[in-house]
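One structure is given here, and the rest of the page talks about it.
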Amino acid sequence: MTSERKALTGAAFATLLLIAFMMGANHVAARLAFNHGVDVVTAVSVRSSLTTLVVGFLIWRHKVPWGTTVRQKKFLLAIGALIAVQSVCLYSAVARLPVALALLAFNTYPLSTALWARILYGQQAERAVILAMPLMLGGLALALDVFGAASGLGAAAHWREIGEGIAFALAASATFGLAMVLTEHETLDLDGRLRTFSTMGLVALLAISGALSQEGFHWPTALAGWWGLAALSFLYGTAFTIMFTVLPKLGVVGNSAIMNVEPVFALVLAWALLGQSIALMQLVGALLVVATVVGLGLRKR
């Protein structure tokens, strides 16, 4: 079984690039907040709560109908739980790695999406996706400096330094890919604002519960941290709302790969605002991954 591929218009392409920029900027803002006292659960709680309130207002303002089937309710709960896990894992990766590398590992999710679509719905991966996998994984190996050559630490020491962050990023990739597939196949008929409200509301509830059950919230210790927390909340909430409204109608498996330019935006912003940089070999690997997945997104269907 294969899904119908829709032609990608100029407006759709620009929308996907905008989402990528906002998501990249969101993670740079998150790292700024983490550098000044904020922890992962606090960041997820704040951004999810604010997004829920804004989208809830839009639902009330535009009188969006709330009707859902029992099956849709079950999958909305599953999607919300998956996004909660993905959020914590990805921010945990951003807190441990250079922002661009964390996002690069996470942005293998087009492969996760294709895999989940195959496992759950029998959706056959296209030949182009299969052929692109070695290029993407090879570029990722260069970008992550898997042998520790660029860092000068050697493979073992390098992986002790980055291994935990990469594990978080790949876990985020797997859970996000699954959430996107379930969104496309199980909740596509729902209004995008209702999907976003349900998902973000559950994420906020889980994150707040997690914070209160441990040491409570960790607020910024400096003004820069407050700016980071405010920026990540605005950028994420706006991008997330657009993404879950637009992407399912574009066809997730075929078009989501274009957003993999996100690490490029993050790399430039992190260099300019945080002073982060990567070696030339890693940059070549990052560009190889980005070029591969953008090529997938722009291929003729």
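The values are calculated or read from the model by the stated rules, or taken from the named source; none is laboratory data. Because the structure is a prediction, the values reported are computed rather than measured. Cβ atoms come from the backbone with ideal geometry, glycine included; neighbour counts cover every protein chain shown.
Of all helices (runs of 4 or more DSSP H) completely enclosed by the range 70-141, which ones contain at least 3 residues that are more than 21 Å from Ala30 (Cα to Cα)?
70-96, 109-121
Could you tell me which residue of the range 255-289 is modelled with the highest pLDDT, considering only residues that are surrounded by 15 or more Cβ atoms within 10 Å (Cβ to Cβ) and in a loop (DSSP other than H, G, I, E, B)?
Only one residue fits best here, namely Gln276.
Among Ala149, Ala143, Ala155, which is the only one that is among the hydrophobic types (A, V, I, L, M, F, W, C), modelled with pLDDT under 90 and under 24 Å from the mean Cα position of the chain (by Cα)?
So the residue among Ala149, Ala143, Ala155 that is among the hydrophobic types (A, V, I, L, M, F, W, C), modelled with pLDDT under 90 and under 24 Å from the mean Cα position of the chain (by Cα) is Ala143.
Could you please tell me which pairs satisfy a Cβ distance under 7 Å, a separation of 6+ or placement on different chains, a first residue in the range 106-119 that is within 22 Å of Ala286 (Cα to Cα), and a second residue that is small (Gly, Ala, Ser) and surrounded by fewer than 24 Cβ atoms within 10 Å (Cβ to Cβ)?
Listed pairs, sorted by first residue: Phe106/Ser173; Thr108/Ser173; Tyr109/Ser173; Ser112/Ser173; Ser112/Ala174; Ala114/Ala125.
I need the full set of residues from the range 53-69 which are under 11 Å from Arg193 (Cβ atoms) and part of a helix (DSSP H, G or I), in order please.
Within the range 53-69, Val54, Val55, Gly56, Phe57, Leu58, Ile59, Trp60, Arg61 qualify.
Inspect all residues belonging to the range 59-68 and state whether any of them is at pLDDT 90 or above and among the charged types (D, E, K, R).
no
Matching residues to (1) under 21 Å from Val261 (Cβ atoms); (2) aliphatic (A, V, I, L, M):
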position: Tyr91; (1), (2): yes, no
position: Leu120; (1), (2): no, yes
position: Leu131; (1), (2): yes, yes
position: Gly138; (1), (2): yes, no
position: Leu144; (1), (2): yes, yes
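Can you find, within the range 164-216, the residue that is modelled with the highest pLDDT among those that are assigned to a helix (DSSP H, G or I) and charged (D, E, K, R)?
Taking the range 164-216 first, the residues assigned to a helix (DSSP H, G or I) are 164-186, 192-213.
Pick out the ones that are also charged (D, E, K, R) and you get 164, 184, 186, 193, 195.
Values: Glu164: 95, Glu184: 85, Glu186: 90, Arg193: 81, Arg195: 86.
Looking at residues that are assigned to a helix (DSSP H, G or I) and charged (D, E, K, R), I get Glu164.
Would you say Val28 is modelled with pLDDT of 90 or more, in contact with a Lys or Arg (Cβ under 8 Å, 6 or more places away or on another chain) and buried (at least 24 other Cβ atoms within 10 Å of the Cβ)?
no
When only residues in the range 90-138 that are of a type in the set (Lys, Arg) and over 18 Å from the mean Cα position of the chain (by Cα) count, which is surrounded by the most Cβ atoms within 10 Å (Cβ to Cβ)?
The initial filter retains those residues of the range 90-138 that are of a type in the set (Lys, Arg), namely 96, 118, 127.
If we keep only those that are over 18 Å from the mean Cα position of the chain (by Cα) too, we end up with 118, 127.
Working: Arg118: 15, Arg127: 8.
Among residues in the range 90-138 that are of a type in the set (Lys, Arg) and over 18 Å from the mean Cα position of the chain (by Cα), the one surrounded by the most Cβ atoms within 10 Å (Cβ to Cβ) is Arg118.
For Val40, are the conditions met, namely being surrounded by fewer than 23 Cβ atoms within 10 Å (Cβ to Cβ) and under 18 Å from Ile166 (Cα atoms)?
Taking the combined requirement at face value, the residue does not satisfy it.
Given the structure, is Ser233 over 25 Å from Ala14 (Cα atoms), of a type in the set (S, T, N, Q) and assigned to a helix (DSSP H, G or I)?
It is false that Ser233 is over 25 Å from Ala14 (Cα atoms), of a type in the set (S, T, N, Q) and assigned to a helix (DSSP H, G or I).
If you scan the range 201-233, which residues turn out to be surrounded by fewer than 15 Cβ atoms within 10 Å (Cβ to Cβ) and not small (Gly, Ala, Ser)?
Result: Leu212, Gln214, Glu215, Thr221, Leu223.
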